1. I need the full set of residues from the stretch 12-31 which are under 11 Å from the mean Cα position of the chain (by Cα) and either acidic (D, E) or within 19 Å of K63 (Cβ to Cβ) (or both), in order please.
2. Identify, please: which residue in the stretch 27-55 is among the hydroxyl-bearing types (S, T, Y) and surrounded by 14 or more Cβ atoms within 10 Å (Cβ to Cβ) and is, among those, nearest to L12 (Cα to Cα)?
3. How do the helices (runs of 4 or more DSSP H) wholly within the stretch 3-70 filter down when requiring 3 or more residues that are in contact with a Ser or Thr (Cβ under 8 Å, 6 or more places away or on another chain): which remain?
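No lab work stands behind these numbers, since they all come straight from the coordinates. These numbers come from a predicted model, not from an experiment. Cβ placement follows ideal geometry from the backbone for every residue including glycine, while neighbour counts extend to all protein chains displayed.
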Amino acid sequence: MYEAKNSERKILTEPPYGYNPEMINALDVESDKVRKGIPIDFSIAAAVCDYQSDLQAIRKSQKKWWHFWV
């Protein structure tokens, strides 16, 4: 599970993602709960999965081509 960095927060607030800063903070907290094994509500878990997928896509798009060979 990832936690949003400042550069990623800017991208997450723009289309097509459209998260607001409060939502990003809340999803980071819920993601941390999942990492620690603390149970969360199913609807929140679904939102965390979508958020983590978006965050992973952003990180992969920001990687330079030579990082894939490491």
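1. L12, Y17, D28, E30
2. In the first step, residues of the stretch 27-55 are kept if they are among the hydroxyl-bearing types (S, T, Y); the result is 31, 43, 51, 53.
Next, from what is left, pick out any that are surrounded by 14 or more Cβ atoms within 10 Å (Cβ to Cβ): 31, 51.
Details: S31: 16, Y51: 9 Å.
The residue in question is Y51.
3. Working: elements: 6-12, 21-36, 42-62.
Fully inside the stretch 3-70 and qualifying: 42-62.
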